[in-house]
Structures are given as C-alpha cells and as structure tokens.
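The values are calculated or read from the model by the stated rules, or taken from the named source; none is laboratory data. Keep in mind the model is a prediction, meaning the values are calculated, not measured. When we count neighbours, we look across all protein chains shown, and the Cβ atoms used for this are built from the backbone with ideal geometry, even at glycine.
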RNA sequence: GACCCCUUCGUCUAGUGGUUAGGACACCGGCCUUUCACGCCGGCGACACGGGUUCGAGUCCCGUAGGGGUCGCCA
C-alpha cells in the first residue's frame, strides 16, 4: 500500500515555523517512500478565514519547495484542485460530514444532546500505537471519567475538529498521520472515531514540538517563529528546510549541511526524536550562510536583486564577476547592498576613520608609485597586481598594509570588502586608476591644508 | 485537579550495558591573511536528582524534581 500523508493547516494568517516543520516531515516522508503528499485546508473557522490567509500557507509551502500531489490549485475554494479525493477545503465538505454523522447516529454511536451531537466514547483507556513514542496507554482524565462523550457537531450545526479531521483522513485514504505532539492526547478520540466509522486508524507519528530559545511555547510573535519573517529577509529556502529537518530528526551521523535530495534520501520515521527542540536563530543563520555561499550564480544574483542591490547599467558579466567576489564573504543577503555598492557607483564617500589613516602623508609617495605601476601593468588580473604590489612594498621597505589600505579605501571607501586584488580586477583598470587619482588628489589637499 | 510526553555541553544532537561521552551552532585562543569572511588547529562546556538491577549504567527499572502538551459546542 502506497504511503499517503497530509498537511492540514488552518488559515490563521501566518505559517508557524512548527507548522512548516510538520509539513516538511510529511513531505519528506512522502518523497522518501514515493507516496503522496496531500494538502488540506481546515477552513471551518469562517471568521479569520480569508483568501489572503490561505495564500500565506500556499506561498509558504511553495517557497519552501514543498509541492503537494493533491490539494488546492490556488487560494479559491471554488476554483478546482488537483487530486481525486477532494474537495480539499473543509468548508466544501459539509455533506460528507453530515452523511457520516447520520451513520453514527443510526448505529447508536452518536446521539443528540441539547442541540449538539455527542459521540459515544469508550470508557476505558486507549492504547495509542505511535511510531515515535511507542505504545502510549492513554487513561481517562478526571473530567472524562465524569463525561467521556464529546461533542462532534455543535448546536449551530457545525462539525468540530476531531470529527472532520478523522473523516477527512479516512476519506482521503491517509495512511500515516504525522503531526505535532500536542495532538497525542487527542488521538484516543480519533482512534475511537475511526473505529466507529468502521475503519482501522492510520499509523500515527507524533513529532516533538518546537519551543523558543528559553523553552517556552513558541507563539507567532517570537523571534523566528513565523515563516514569513524568513521569507522577507530573503533567506535561502533550502536552508530553512535543512535547519528545520534537524529539529527533532537526526541523520544519526555528523551531517549538518545537506541538499534537499539528501534529506529525502535519508529521512525516515524511526530517527525522529521524542524530546521537544528549541529554535536557535543563530544556527538557522549559520545554516542560511552555508547554503547562500553555495548558491548557483543566477540564483544568487536574483536574491541580490530582491535584497535591493542596484546594478545600474552594469553589464551581465560585470555583475556576476562582482557578486562572485562577495558570495563567500557576506553572511546575510541583507548585508550585500552595502557590501557591494562600490562596484556599481563611482560616487561614494570615504569612511573618514579609515581615510585618515590610509591617506596619511607618509603613504603618499608609495601610493603614487603604485598608481603608475598599475597604469603600466601588462595584465590587470589579480595575480599580477598582487605580485606588483608586494614587490613595490619590498622595494620601498614598507608594510604591505601601507599600500593596500590606501588602495582599498580609494576603490571602495570602506574597510571591509572583497579581496582587494579580486575587486580591482573586476573594477577594471580605468575605474581603478580614476579612483586612485581621486584619492591622490585628496592626499594633496590634506598635505596643503594639514601639516603646513 | 486529572491524564500524556520528555530530560546528554548555553542550543541542536550522536550514543541502544564496558567510549578519554563524539559532532554542529555560539563563545574563547592560535595559524593563514590586505580587510572581513572561509579554512585549519586548539580550548571552554553535558549524562536533572535519588534509589535500585548488574562485575559494570548516559544506556534497564522505580521514585522525585523540572519542562512541554492535553482534558472546549477552538483548530
């Protein structure tokens, strides 16, 4: 029997990082086993249920690369879907629920009470076979001792979560329910419902929760808790997937940075942990950097654009060469615009603290000589420049810094940046010489006004 | 109040009776180096506590404490 799993979010207006991880585990399991990943929208709460809220979920999953085999085509419940187990919006499934409730009533397994319909729940403990937690014997709580039966249809006619969840899983042929551990206790209800409906329950796998760094429950306002925060900062989605996969699951060796294909290959239920995990923003950012620096240039360029880098009228080759010198240096894409600005404009101020030192009078003669050497260099590549600069430093008996810092300041205006030789090679001889001359002029000025 | 799950460095984790308790993030040194970063080397740092079982326990059992979850005409 082929594996069928599902992710069944309710449109609340944001996709929680815990929900994203649940979706991911389901998706990974489907892809690993060659099964089907079903997306079902639990939009029974009409209040906060909007096309926008549904879109947040769809866009979040698409961004992560979690494609669904069956589910909504888009955020409009009336607009079709893919798969033949639909509709995939609970708001469209009222008749299905009503039909099953009738059957339960006919069988005497449900009954009316004060306008609502109650399910006749068993009075004994339930053994929940769980792929992560093992067999869990769930005793009745004190309240359940008093009243084990629970409402499945409210007096206003709306079916409740437990009922619709079970009916949908049954109707959609779900074989494995992989969900947060917060549902473990409820599973006794679900098992009873499956049996009452004449079906054997699917396999359950309750995965640990994701908590804040202080161990408290993660809510949407907490740092990193909402997926769109990571989307908005132009994180690499594969990095989020990779980081999330390591929260509550382990490949059991020292692997950390893995492409999605490897995750699919290695993911399985037995390696899922039982203990809750805390979300660590710093490790997430590290993971993002690891993926960022390995991105193919076209995607890196795309991300740069989204992050607000202004390329001006620069040529394609120039843009890519420039970005290539930044890619393994910049940890967050949001830092890139400032980092690479000097490549795309000639108009920039010098960092005065740096300029004061770099353009000091004692550096002037050497710097002027460097300019002449660069002007006459046969090839304007990184290696020839490095060789020439170092030779000059030796000849003048000055530290390499004494030449490098003025050159860096002249070319970029700032202390931090790509490798100097690489950056000059990308800039090209004309631009470099112009910038060197601008710096030289400034050194003249300060000599006249300064120590005179 | 009842019920359920969990407990190894600050964090994520490896570890299924015998290990100098391993790795990763973070942090601190050093090397490399034109800056920053990468990389490499090194350091700091953990089996919640108490009882058992056993020749031997992070690993098995019981208890305690702590954390999380659930008990709704919310999902």
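Output the residues belonging to the stretch A:9-31 that are assigned to a loop (DSSP other than H, G, I, E, B), touching a helix residue (DSSP H, G or I) at 6+ places or on another chain (Cβ under 7 Å) and within 11 Å of RNA strand B (Cβ to nearest atom).
A:9, A:11, A:12
Going residue by residue through the stretch A:191-198, is there one that turns out to be surrounded by fewer than 20 Cβ atoms within 10 Å (Cβ to Cβ), more than 19 Å from residue A:128 (Cα to Cα) and free of Cβ contacts under 8 Å to residues at least 24 places away in the same chain?
Within the stretch A:191-198, not a single residue is surrounded by fewer than 20 Cβ atoms within 10 Å (Cβ to Cβ), more than 19 Å from residue A:128 (Cα to Cα) and free of Cβ contacts under 8 Å to residues at least 24 places away in the same chain.
Report, by residue number, each residue of the stretch A:32-41 that is in a loop (DSSP other than H, G, I, E, B) and either within 12 Å of RNA strand B (Cβ to nearest atom) or under 20 Å from the mean Cα position of the chain (by Cα) (or both).
Result: A:40, single match.
For the stretch A:287-321, give me each residue that is part of a loop (DSSP other than H, G, I, E, B), more than 16 Å from RNA strand B (Cβ to nearest atom) and closer than 19 Å to residue A:242 by Cα.
Selection gives A:296 alone.
Is it true that some residue in the stretch A:346-356 is within 16 Å of residue A:322 (Cα to Cα), under 36 Å from the mean Cα position of the chain (by Cα) and crowded, with 16+ Cβ neighbours inside 10 Å?
no
Looking only at residues in the stretch A:92-131 that are near RNA strand B (Cβ under 8 Å from one of its atoms) and part of a loop (DSSP other than H, G, I, E, B), which one is farthest from residue A:164 (Cα to Cα)?
Going through the qualifying residues, I end up with A:125.
If residue A:234 satisfies every condition in (1) more than 8 Å from RNA strand B (Cβ to nearest atom); (2) in contact with a strand residue (DSSP E or B) (Cβ under 7 Å, 6 or more places away or on another chain) but one, which is the exception?
Of the numbered conditions (1) more than 8 Å from RNA strand B (Cβ to nearest atom); (2) in contact with a strand residue (DSSP E or B) (Cβ under 7 Å, 6 or more places away or on another chain), the odd one out for residue A:234 is (2).
Go through the stretch A:256-286 residue by residue and tally those that are near RNA strand B (Cβ under 8 Å from one of its atoms), in a loop (DSSP other than H, G, I, E, B) and exposed (fewer than 14 other Cβ atoms within 10 Å of the Cβ).
Looking only at that region, the number is 4.
Residue by residue through the stretch A:237-254, note down the ones that are near RNA strand B (Cβ under 8 Å from one of its atoms) and either in contact (Cβ under 8 Å) with a residue 24 or more places away in the chain or over 17 Å from residue A:208 (Cβ atoms) (or both).
Within the stretch A:237-254, A:247, A:248, A:249, A:253, A:254 qualify.
Output the residues belonging to the stretch A:189-209 that are assigned to a loop (DSSP other than H, G, I, E, B) and more than 35 Å from the chain's Cα centre (by Cα).
A:197, A:198, A:199, A:200, listed by residue number.
Tell me which residues, restricted to the stretch A:168-188, are in a helix (DSSP H, G or I), out of contact with any strand residue (DSSP E or B) (no Cβ under 6 Å at 6 or more places or on another chain) and within 13 Å of RNA strand B (Cβ to nearest atom).
A:168, A:182, A:183
Please return the ranges of helices (runs of 4 or more DSSP H) entirely within the stretch A:322-400 where 3 or more residues are away from RNA strand B (no atom under 12 Å from the Cβ), touching a helix residue (DSSP H, G or I) at 6+ places or on another chain (Cβ under 8 Å) and more than 27 Å from residue A:298 (Cα to Cα).
Where helices (runs of 4 or more DSSP H) fall fully within the stretch A:322-400 and carry at least 3 residues being away from RNA strand B (no atom under 12 Å from the Cβ), touching a helix residue (DSSP H, G or I) at 6+ places or on another chain (Cβ under 8 Å) and more than 27 Å from residue A:298 (Cα to Cα), they are A:364-376, A:382-396.
Tell me whether the stretch A:223-231 contains one or more residues that are within 14 Å of RNA strand B (Cβ to nearest atom), exposed (fewer than 15 other Cβ atoms within 10 Å of the Cβ), within 17 Å of the chain's Cα centre (by Cα) and outside any helix (DSSP H, G or I).
yes
Could you please give the count of residues in the stretch A:32-58 that are surrounded by fewer than 20 Cβ atoms within 10 Å (Cβ to Cβ), at pLDDT 95 or above and in contact with a helix residue (DSSP H, G or I) (Cβ under 9 Å, 6 or more places away or on another chain)?
2
Quick test for you: out of A:139, A:146, pick the one residue that is more than 8 Å from RNA strand B (Cβ to nearest atom) and out of contact with any helix residue (DSSP H, G or I) (no Cβ under 6 Å at 6 or more places or on another chain).
A:146
If I go through the stretch A:150-167 residue by residue, how many of them are part of a loop (DSSP other than H, G, I, E, B), without any contact (Cβ under 8 Å) to a residue 60 or more places away in the chain and either more than 9 Å from RNA strand B (Cβ to nearest atom) or farther than 17 Å from residue A:188 by Cα (or both)?
Looking only at that region, the number is 4.
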